[in-house]
1. Where a Cα-Cα gap under 16 Å defines reach, which aspartates and glutamates qualify for residue 338, not counting those fewer than 8 residues away within the same chain?
2. According to the Cα gyration tensor, what semi-axes, each the square root of 5 times an eigenvalue, does the equivalent ellipsoid of the stretch 265-314 have, listed from largest to smallest in whole Å?
3. If amide H atoms are built 1.01 Å from N in the plane of the peptide, which residues on other chains or at least 5 residues away come under 5 Å of the amide H of residue 36?
4. Taking the chain as a Gaussian network, where each spring joins two C-alpha atoms under 10 Å apart, which residue of 343, 361, 219 fluctuates the most?
5. Show which aspartates and glutamates lie in cross-link reach of residue 174 when reach means a straight Cα distance below 13 angstrom and same-chain residues fewer than eight apart are skipped.
6. Near residue 317, which aspartates and glutamates are there with a Cα under 18 Å away, not counting those fewer than 8 places off in the same chain?
7. Taking a temperature of 37 °C and a viscosity of 0.692 mPa s, what whole-number D in µm²/s does Stokes-Einstein yield for the chain with Rh from Kirkwood over alpha carbon pairs?
8. On the full set of protein chains, 1.4 Å probe, figure out the accessible area of residue 135 and give it in Å² to the nearest 10.
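The values are calculated or read from the model by the stated rules, or taken from the named source; none is laboratory data. Only a predicted model underlies this, so the values are computations on that prediction, with no experimental measurement involved. Every residue, glycine as well, gets a Cβ built from its backbone with ideal geometry; the counts of neighbours run over all protein chains shown. What goes into the accessible areas is simple: the full protein's heavy atoms, side chains included, and nothing from ligands, DNA or RNA. Shrake-Rupley method; radii C 1.70, N 1.55, O 1.52, S 1.80 Å.
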Amino acid sequence: MTVEGTAARKPRRSSKRTSASATKAAGALSAEPQLVQLLTPEGERVQHPEYDIDLSPDELRGLYRDMVLTRRFDAEATSLQRQGELGLWASLLGQEAAQIGSGRALRDDDYVFPTYREHGVAWCRGVDPTNLLGMFRGVNHGGWDPTSNNFHLYTIVIGSQTLHATGYAMGVAKDGADSAVIAYFGDGASSQGDVAESFTFSAVYNAPVVFFCQNNQWAISEPTEKQTRVPLYQRAQGFGFPGVRVDGNDVLACLAVTRSALERARRGEGPTLVEAFTYRMGAHTTSDDPTRYRLDDERAAWEAKDPILRLRTYLEKERLADAAWFEELEAESESLGKRVREAVRAMPDPEHMAMFDHVYADGHALVDEERAQFAAYQASFADGEDK
Ligand SMILES: Cc1ncc(C[n+]2csc(CCOP(=O)(O)OP(=O)(O)O)c2C)c(N)n1
Ligand SMILES: [Mg+2]
């Protein structure tokens, strides 16, 4: 994995040669994988023998609304960063179906361990979107109480949350509860040792956890073919649990597949790896420039598979929503954008010393030392002090 700002100088195409030889090397395991799909990019409803779902018109409209509002919130946050109101933003553009589908599969008592990009899942959990922005503005270390929505704080240390999720899920099993745990991570994270260790522990201890990998094709400037020689979902097999690849731009399929994996976990049958095959349509973060490592036609190809557009096509074709309904939603989106803007601009700057609070629940000697050093530094600016 490379670090932001050190991206390759020239954009390059995904190396077909590498993937072809990878396929050959891995033999039968990597025969062209089938995606679970229930709604095609053209908005056609299709059946799947193993996964199906029967949703009411209200539920279908609800999923559409969730995706539209999440995209609107995300666009607002990107703009706020460009205006200097946020230090950084990690956009989920293109990944709305993966997040809303999986997020709406969860029960209230399930527990979520997200990365830093799970704004759609946060929305499904009922975390107020404005609370997601404090950390990106640099005014707090998190912004919400994880226990009130069973939605853990955003985790930046790649892959580490899969271990937290596994440990938590082992605890759930020991408590005899029938709730499940879901860990989100990316294609790049799949190369981390933490993720492999999570797979081993969860399999051996039969932990009720779903590993939800959003394969958005890129880990900053590194393409997925640099992470694996087999399709990611096939990794699960070697650890002794099932893996499934789902069309990550199909909200219905993501809902059906995640629901099934959660139910399996609840029945005490252990973990499942879900690979949601999707695409990061924006930059890695607002500090990244994807034009330095990928070509516009790649993005254009994925735009044709847009998760929101295909559900809109379906809703319109089946006459499940009319023009007035879409207009109302547009107005709701605009007012969400306004609310987010106003809330961010009104966020008070914290006292400088507050950054040392809540790093550890019970304090820590190193943090105490850093606090004292910083206090001395601040005091050196006091009037009359000899500098
Ligand atoms: C342990 C660790 N190594 C490196 C980084 C720097 N880093 C931040 S995001 C990222 C790429 C992650 O890619 P992926 O897992 O595919 O998730 P995505 O950002 O695409 O959602 C890297 C290398 C980090 N945050 N933590
Ligand atoms: Mg990625």
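1. By straight Cα distance, residue 338 reaches 74, 76, 85, 128, 328, 330.
2. On the way: eigenvalues 179, 69, 18 Å².
Working from the Cα gyration tensor, I get semi-axes of 30, 19, 10 Å.
3. The answer is 245, 246, 247.
4. Top of the fluctuation ranking is 361.
5. Filter leaves no residues.
6. 42, 44, 54, 58, 59, 250, 306, 327
7. On the way: Rh = 22.1 Å.
Result for D is 148 µm²/s.
8. My reading of the accessible area for residue 135 is about 50 Å².
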